[in-house]
């Protein structure tokens, strides 16, 4: 049930290094300097979508698929000790420039989130916002996240919802009809306007729960994000605002390692 030998990893690395990163480098500075963290495609503020724990001080954190590092920057300002992990050297280069320009500084590690060169039980929190949670095979990165967590540690990840994956075709916007099968959902192919193909990952909710449980994690919560009336998404036309006000386009999972 896994992607064969992580064959998607070098392709994903190349895509991010060559052109996908353009999408996120443009607003990286704004995210690093945000007064309040905000989440997902609709940039819902932490006060309305509480993704981060209320207390961050002293927490050891690993961010899987950190991209330009803004989530780790938010965590660091809250008193946590994050390590940002990403497969793209270009993304990490942007993160380092922003550490110099804005601060704070924290370790950045060029590595595949499915094989993280960090010791077992090193983290109180493992987090991913549209990083490993979208671009990595869950049958490989979820066990890695569980390995990194010490007993009682938490895993938090945000991605497009399972429902959105079922309603968004390979090209074009989400429909009000199911266009993919739920059973067997794993690899999801998307093509951009130029026809370039991207391999993303998702699972049915039941399979997420079974996978997390097999890895020694207890699901504590699942937020199916309701887009606020005043929020708009101008960057990802495959999920129009009107669609996301009727159905959850994004979801956030919360799990805890068995003590």
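Some notes on this structure:
- All conditions but one from (1) assigned to a strand (DSSP E or B); (2) over 29 Å from residue 243 (Cα atoms) apply to residue 127; the one that does not is (2).
- Residue check, residue 152 at pLDDT below 95, out of contact with any helix residue (DSSP H, G or I) (no Cβ under 7 Å at 6 or more places or on another chain) and over 16 Å from residue 211 (Cβ atoms): no
- All of (1) farther than 24 Å from residue 13 by Cα; (2) buried (at least 19 other Cβ atoms within 10 Å of the Cβ); (3) in contact with a helix residue (DSSP H, G or I) (Cβ under 6 Å, 6 or more places away or on another chain) hold for residue 157 with one exception: (1).
- Filtering the stretch 114-129 to residues that are surrounded by 20 or more Cβ atoms within 10 Å (Cβ to Cβ) and more than 16 Å from residue 255 (Cβ to Cβ) leaves 114, 116.
- Across the stretch 222-245, the number of residues qualifying as without any contact (Cβ under 8 Å) to a residue 12 or more places away in the chain and either within 17 Å of the chain's Cα centre (by Cα) or over 15 Å from residue 48 (Cβ atoms) (or both) comes to 2.
- Filter result for residue 18 (assigned to a loop (DSSP other than H, G, I, E, B), over 18 Å from the mean Cα position of the chain (by Cα) and surrounded by fewer than 17 Cβ atoms within 10 Å (Cβ to Cβ)): no
- Number of positions in the stretch 74-95 that are over 20 Å from residue 22 (Cβ atoms) and in contact (Cβ under 8 Å) with a residue 24 or more places away in the chain: 10
- The one condition in (1) touching a residue at least 40 places away in the same chain (Cβ under 8 Å); (2) farther than 23 Å from residue 211 by Cβ that residue 110 fails to fulfil: (1)
- Which numbered condition residue 37 misses (of (1) more than 25 Å from residue 124 (Cβ to Cβ); (2) without any contact (Cβ under 8 Å) to a residue 60 or more places away in the chain; (3) crowded, with 20+ Cβ neighbours inside 10 Å): (1)
- Residue within the stretch 53-64 that is modelled with pLDDT under 95, surrounded by 15 or more Cβ atoms within 10 Å (Cβ to Cβ) and within 16 Å of the chain's Cα centre (by Cα) present: no
- Flag for residue 37 being in contact with a helix residue (DSSP H, G or I) (Cβ under 6 Å, 6 or more places away or on another chain), closer than 30 Å to residue 229 by Cα and modelled with pLDDT of 95 or more: yes
- Among residues of the stretch 169-209, those that are surrounded by 15 or more Cβ atoms within 10 Å (Cβ to Cβ), farther than 18 Å from residue 128 by Cβ, touching a helix residue (DSSP H, G or I) at 6+ places or on another chain (Cβ under 9 Å) and touching a residue at least 40 places away in the same chain (Cβ under 8 Å), counted: 2
The values are calculated or read from the model by the stated rules, or taken from the named source; none is laboratory data. All values derive from a computational prediction rather than experimental measurement. A quick note on method: Cβ atoms are made from the backbone with ideal geometry, for glycine too, and the neighbour counts reach across all protein chains shown.
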